[in-house]
Amino acid sequence: MITERQGHILKLALDRYLRDNDAITSGRLFEGGGFELSPATLRNELARLDELGYLYQSHTSGGRYPTDLALQWFVEEFVLHTLDPDRFSDSLEHEFVAVNPNQNFFYNFAQFAADTCDSFCNVHVDEVSYQAGLDDLFSHLDTDSPDTMRTIVRDIERLNRRLRDFKNKQNDKEYLEIFIGEKSPVTDSKDLAVLLLKMHNADFDGVTVLIGSKRMPYTRNISFLEASKQFLEKM
């Protein structure tokens with residue numbers, strides 16, 4: 001459990017990291033303002049957040065980066081309370097006016113979701129998958145490590161089977177699930193964030209998955225999935 005002050009520091013640090021991809025340092029945070037703390041106290045709190053598992057240093061002399069725990073905390077504590085699905089309602093209605101849930105619709109929806117969210121999208125319905133946005137996924141990654149790339153390619157190749165297994169085991173209590181890093185049930189790569197939306201309609205039952213960088217714009221992408229859920233349920 002982190003204190004209120006540590007939570008304030010961590011939120012500001014994550015806001016900056018997600019926006020600028022900057023390493024987290026006491027100097028950058030202090031220069032950003034909003035702290036009634038000395039630089040020494042700020043350094044101590046960052047060190048404590050290290051110990052609690054929310055930050056890590058790749059080099060002892062370098063800045064810090066958020067762990068998966070910190071990103072999950074940020075999404076659950078802040079992002080999920082600031083969603084705005086209405087911003088996407090009109091665009092969905094305009095893009096897919098008077099459509100039927102057929103193969104063309106699901107492919108076009110996957111393409112629209114990938115373009116809107118700058119992520120890879122897979123729509124899995126009736127044992128068939130419709131995919132789009134592989135370029136978006138790779139162009140927004142924060143690493144170009146060959147090992148990372150190979151792992152992600154294998155994840156995409158195995159995604160259909162894993163989504164089928166996920167559908168069979170899914171928890172009906174949650175229609176939207178968020179997995180960051182190694183917790184994902186459908187990918188192995190520790191460098192990905194996965195958003196899973198379970199879709200239910202009188203005509204179909206499936207899953208839409210968005211896969212992207214762990215620095216993806218969570219508020220926008222989760223808001224889009226919330227709007228998609230409302231739109232699909234009305235079809």
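The values are calculated or read from the model by the stated rules, or taken from the named source; none is laboratory data. Note that the structure is a prediction, hence the values are computed from the model and not measured. Cβ atoms come from the backbone with ideal geometry, glycine included; neighbour counts cover every protein chain shown.
Which one of these is in the same structural domain as R220 (by TED's automatic domain parsing) and touching a helix residue (DSSP H, G or I) at 6+ places or on another chain (Cβ under 6 Å): S91, S145, S189?
Testing whether each residue is in the same structural domain as R220 (by TED's automatic domain parsing) and touching a helix residue (DSSP H, G or I) at 6+ places or on another chain (Cβ under 6 Å) leaves just S189.
Among the residues of segment 54-109, what is the count of those that are assigned to a loop (DSSP other than H, G, I, E, B), in contact with a Ser or Thr (Cβ under 7 Å, 6 or more places away or on another chain) and among the hydroxyl-bearing types (S, T, Y)?
2
So for segment 120-135 (the condition being crowded, with 18+ Cβ neighbours inside 10 Å, assigned to a helix (DSSP H, G or I) and in contact with a strand residue (DSSP E or B) (Cβ under 9 Å, 6 or more places away or on another chain)), does at least one residue qualify?
no
Out of all the residues in segment 196-208, is one or more over 22 Å from F106 (Cα atoms) and either touching a residue at least 40 places away in the same chain (Cβ under 8 Å) or within 14 Å of the chain's Cα centre (by Cα) (or both)?
Scanning segment 196-208, I find no residue that is over 22 Å from F106 (Cα atoms) and either touching a residue at least 40 places away in the same chain (Cβ under 8 Å) or within 14 Å of the chain's Cα centre (by Cα) (or both), so the answer is no.
Wholly within segment 165-235, which strands (runs of 3 or more DSSP E) include no fewer than the required count, namely at least 3 residues that are touching a Gly at 6+ places or on another chain (Cβ under 8 Å)?
Those strands (runs of 3 or more DSSP E) span 192-200.
Of the residues in segment 136-150, how many are part of a helix (DSSP H, G or I) and either without any contact (Cβ under 8 Å) to a residue 24 or more places away in the chain or loosely packed, with under 12 Cβ neighbours inside 10 Å (or both)?
Going through segment 136-150 one residue at a time, the tally reaches 6.
Given the condition exposed (fewer than 14 other Cβ atoms within 10 Å of the Cβ), over 29 Å from L195 (Cβ atoms), free of Cβ contacts under 8 Å to residues at least 60 places away in the same chain and in contact with a helix residue (DSSP H, G or I) (Cβ under 7 Å, 6 or more places away or on another chain), answer yes or no: does some residue in segment 51-72 qualify?
No - not one qualifying residue is present in segment 51-72.
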